[in-house]
Each structure stands twice: as C-alpha cells, then as structure tokens.
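Everything on this sheet refers to the single structure shown next.
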Amino acid sequence: MDNHQKRNLTFFTIGLIFLLSGIEYAVILPTIWRYLQILEAPPYFLGLGLSAFSLSGLLTGPLFGLWSDRSRTTKTIILFSNLFEIAGNFMYFMGYSKWLLLCSRLVAGVGAGAGSSIFGFLTRSTQPEERAGIFAAIMACRQAGLLLGPAFNLFLRLCDFKLGPFVVNKYTSPGIFMCLLWILLQFVVLALYWDVPPISSTEGGAVMVEMKEEEEVPLVGSDEEPVLTYRAVNSDQLETSASCESQPLRGALSTRSSMTSNPFKNFSASREFLREEVVVLLTAQFITLFNQTALETMVTPLTQRYFSFGELGNSLMYSLCGVEVILGFFFVRWLSCKVADRAVLAVGLVICCTACIWCLIFLTNPRGGYEWELAVFIIGVFLQLLGLPFVAVSQVSLFSKVTAEKTQGFSQGIRRSVGGLATILGPLWAGGLTNNLYIMLGMMLALLTMITVSRAHLLQKWSQHPDSSTSAWLLD
C-alpha cells in the first residue's frame, strides 16, 4: 500500500472520529436533563454536565498537542484518548449518582482533547492550497453526526431491560451505545490509521517546507532571540536553483532535520501567539463558537415562547439546521479551491454581522402575525448558520499557516482551548438573557464588529508594509 492510499484511509478514519463525536453530543443532549432529574440533581447540574466535557477538553488539548509534536505520531495518541471516551461513556451508563454522571462527562472530555493532535497531523500532511477543503470535510463529518444522533435516539428510547446489575433504559442506553461505538472505532484506527510522513518529506511532493532562520537587525540594541519565519517553497523552484547550490542546500536541510528533533527548541509562546494575525484568528475562533453556542441556547426558549414548538417541532428545526450547515461546509470546501482563505473569512464575517443586525431589528420585539414572525425567525437562524462554515473553516486554515508547522499540535491545542472556553461562556451568557435579547444580540454583534475591524486593519497594514509578517496569511 503506497503513501497515497494510506493517507486517504487515514483521512477516512479521522472523519469517523469526528462523526462519532457529533453522534455522542446528539444522543446524550436530549436526555441528560431528565436523567439528572431522576438522579435528584439540582437544576444547575445541567450546566455543569454540559460544561464539564468542554472543560476537560480545554485543559487536555494542548497536552495532547505537545505529545504529538514531540513524538511526531498521532495513532498512539488517538488510541489512548479513545480509552477515556470508552470509560466516560460507560460511567454515564452506570449512572449511580449525579456525581458519577458529572465525572463521566469530565472523563469523556479528555478524549476530545486529541483533536488538537489530529489537526496538527492534518496540517503536516496536507498542502496549503488543499488544507481548507480537507478541514471543511472533517468539520462536516461532525455536523453529520449531529444530524444522525436523533435517528439513533428513535430506537435507544425503546430500550427497557437489564444487563447484569445495570438497567438499560432510554436514559442510560446512550452511554452504553457510545461506549460500544468507541470500542469499534479502536479496531478501525488500528487497521486503517497510518502515521504517514509529512508532505514536506515525501519524495516528489509538490511542496517542500523550508525553515529559514533570520536575525532581524533592530534600530536599537536588543537581547531578543532571532525570529523564525516559515514559508512554503515549490519543488520546481528548488530544482531550478539546485544546479548552483545543491550541495549547500542538502547540507543545510540535513542540519535543519537534526534541529527538528526537539520542535520546542528556541520556542517562545509569546512570540508565537501574541502576533497580531494570530490574536485575530484566535479571537475569530472564540467569537464563532461563543455566538454559535449562545444561539443554540436561546433558540429553544424563543420557539416555545413565540411559536409553541414541542419536541417534534424543535427536532425538525435542528435537523434542517444540520442539513444547512453540512451543505455550507461542502460549499466552502468547493469555494476554498477557487478563492483565498482570507476572502472566505471576509464573506463569513459579513454574513454573521448581517444575521445579528437582522435579529436585533426583527426578533427583539417581534410584530405582525404568526406567519410573519415565523418567517423572520427562520431567516435570522438561516443567516446565522450560513456564515458559520465560512468563518470556521477559513480561520482554522489560516491559523495553520501563520503558526509554525513543527509545533502545530500544540498550537492547535491552544486554538481548541480558546474554542472550548467559548463553548462554556456562550451558554452561560445567553441562558441568563433569553428575556433581554437586546443585550444578548448586541454583545454578539459587538464581538463580530470588533473582529471584522481587526481583519480590515490587518489588510490595511499589509498594503502599507507588504514585507511585514502579516503578509504570510494575507497572501495564502
């Protein structure tokens, strides 16, 4: 089996991992509140249970990324992290007490931290021009899981039997169901996942990555370390210059290979993550997930208040939303082959700002008949979800290009931790303001405006100083 076949099978396995993560969220979310009530848990345990998963993923993501950067392998990390998913879901199935259920979500969330290693692997195994499309397909797999989850609940709710000392019913069955799926995935990973070599080290590859160490000469004496910059060099360009400097180049590459044995040598977190373009992209990650989870939190109370939606109505709405998001990701996958990532990000931010303005005008104080209010609501939700794939895919792709490839796992862990923080704060913000939509939507719009202005400032800065560091991502 050649590297190309191994690479495709590995990407297929990664898609399955994200598919299962979406299914897990979708089968547990509808029943966890009633499950907690049966265990005599107070109402605030619902927020704790949902946040616990994000919290443990937030804390472990950078650690798994650090591991993958040092070892340059991800298969072992995935197999190890999946053990936490298996254990966490089995604990959820046992359900002896509210505290065990809370701990089950904490344990399962540790497994989600391996996502940083996966995104680091994808960055090293893809060419920059194809990266956004692959990221879009992987993200679409999770959305597909969110869409399939309710279908599994149709038969899980019929469970009513005993398995040894354990009771299997519609509340405990999602735990044992996901436990079995994660166990099956272990065998899939063992058989189909390969730690294929990075695209920069494969023979005949179209792109080779050159690490160039430059020492900037300051106007005033400085004790700072030399600044490392990274750029992609086409193999044709290397061949052109090989006739006059092939021997020095081979020696330099050999030296550089030995340097990469420790990817964190001369690494500075402040120099890596406090650059303007990196801060803008991390902020975009936070705002995207903050607004998405805030929207998810406020939608159900709004549909109950204005349209008297029950479980069937909400389920149908979420299913249609899932279809829209999946189609959006595949459209972005196609669009990313035609235009630059920065343009995709701009389109997404404009759509999201438009959606917030629409909701502020029409949803905060709805007027008119039932049909008009329903139409206004549908348009607002449609616009909110339409912009999500544009921003989500482009900011991940751009982030992988402005951070160093050798520490990509750790960098992706930091990015996902920022997203995890947003998924915790978003529901807390929206949950207390469902009766005051002006403040809630106003904050969402202010955040979107801030990131849009920041992006425009970066464009202006690059146009005035084309040789600045921001040009690396503006010229993606």
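The values are calculated or read from the model by the stated rules, or taken from the named source; none is laboratory data. None of the values given here were measured: they were computed from a predicted structure. Note that we place each Cβ from the backbone using ideal geometry, even for glycine, and neighbour counts take in every protein chain shown. Remember, those area values only see protein heavy atoms, side chains included, never the ligands or the DNA or RNA. Shrake-Rupley method; radii C 1.70, N 1.55, O 1.52, S 1.80 Å.
So the check is Cβ under 9 Å with 6+ separation or different chains; which pairs have a first residue in region 89-117 that's open to solvent by 30 Å² or more (accessible area, probe 1.4 Å) and a second one that's at pLDDT 90 or above and among the basic types (Lys, Arg)?
As it stands, the answer is 91/105, since those pairs meet every condition given.
Kindly indicate whether any position in region 126-140 is farther than 24 Å from residue 38 by Cβ, open to solvent by less than 30 Å² (accessible area, probe 1.4 Å) and part of a loop (DSSP other than H, G, I, E, B).
Yes: region 126-140 contains one or more residues that are farther than 24 Å from residue 38 by Cβ, open to solvent by less than 30 Å² (accessible area, probe 1.4 Å) and part of a loop (DSSP other than H, G, I, E, B).
Pairs, please: C-beta under 9 Å, at least 6 apart or cross-chain, first residue open to solvent by 70 Å² or more (accessible area, probe 1.4 Å) and part of a helix (DSSP H, G or I) and in region 427-444, second among the aromatic types (Phe, Trp, Tyr) and modelled with pLDDT under 80?
443/429
Testing residue 422 on (1) assigned to a helix (DSSP H, G or I); (2) among the hydrophobic types (A, V, I, L, M, F, W, C); (3) open to solvent by 10 Å² or more (accessible area, probe 1.4 Å), one condition comes back false. Which one is that?
(3)
Every residue, every condition in (1) within 21 Å of the chain's Cα centre (by Cα); (2) surrounded by fewer than 20 Cβ atoms within 10 Å (Cβ to Cβ), yes or no:
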residue	(1), (2)
6	no, yes
16	yes, yes
23	yes, no
34	no, yes
42	no, yes
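Which pairs do you get when a residue that is in the same structural domain as residue 386 (by the TED database), found in region 342-370, comes within reach of a residue that is in a helix (DSSP H, G or I) and surrounded by fewer than 14 Cβ atoms within 10 Å (Cβ to Cβ), reach meaning Cβ atoms under 6 angstrom, with the pair 6+ apart or on two chains?
As it stands, the answer is 364/438, since those pairs meet every condition given.
How many residues does region 320-333 hold that are closer than 18 Å to residue 139 by Cβ and either free of Cβ contacts under 8 Å to residues at least 40 places away in the same chain or over 19 Å from the mean Cα position of the chain (by Cα) (or both)?
Number of matching residues: 1.
Quick test for you: out of 408, 412, 384, pick the one residue that is part of a helix (DSSP H, G or I) and at pLDDT below 85.
408
Working only within region 154-178, note down all residues that are surrounded by 20 or more Cβ atoms within 10 Å (Cβ to Cβ) and assigned to a helix (DSSP H, G or I).
Taking region 154-178 first, the residues surrounded by 20 or more Cβ atoms within 10 Å (Cβ to Cβ) are 156, 171-175, 177-178.
Hits for region 154-178 are 156, 173, 174, 175, 177, 178.
Out of the residues in region 375-409 meeting the condition of being open to solvent by 40 Å² or more (accessible area, probe 1.4 Å) and among the hydrophobic types (A, V, I, L, M, F, W, C), tell me which one is nearest to residue 135 (Cα to Cα).
For region 375-409, the residue satisfying everything is 386.
Per-residue answers, yes or no, for (1) among the small types (Gly, Ala, Ser); (2) buried (at least 18 other Cβ atoms within 10 Å of the Cβ); (3) over 24 Å from residue 194 (Cβ atoms):
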residue: 30; (1), (2), (3): no, yes, yes
residue: 47; (1), (2), (3): yes, no, yes
residue: 58; (1), (2), (3): no, yes, yes
residue: 61; (1), (2), (3): yes, yes, no
residue: 79; (1), (2), (3): no, no, no
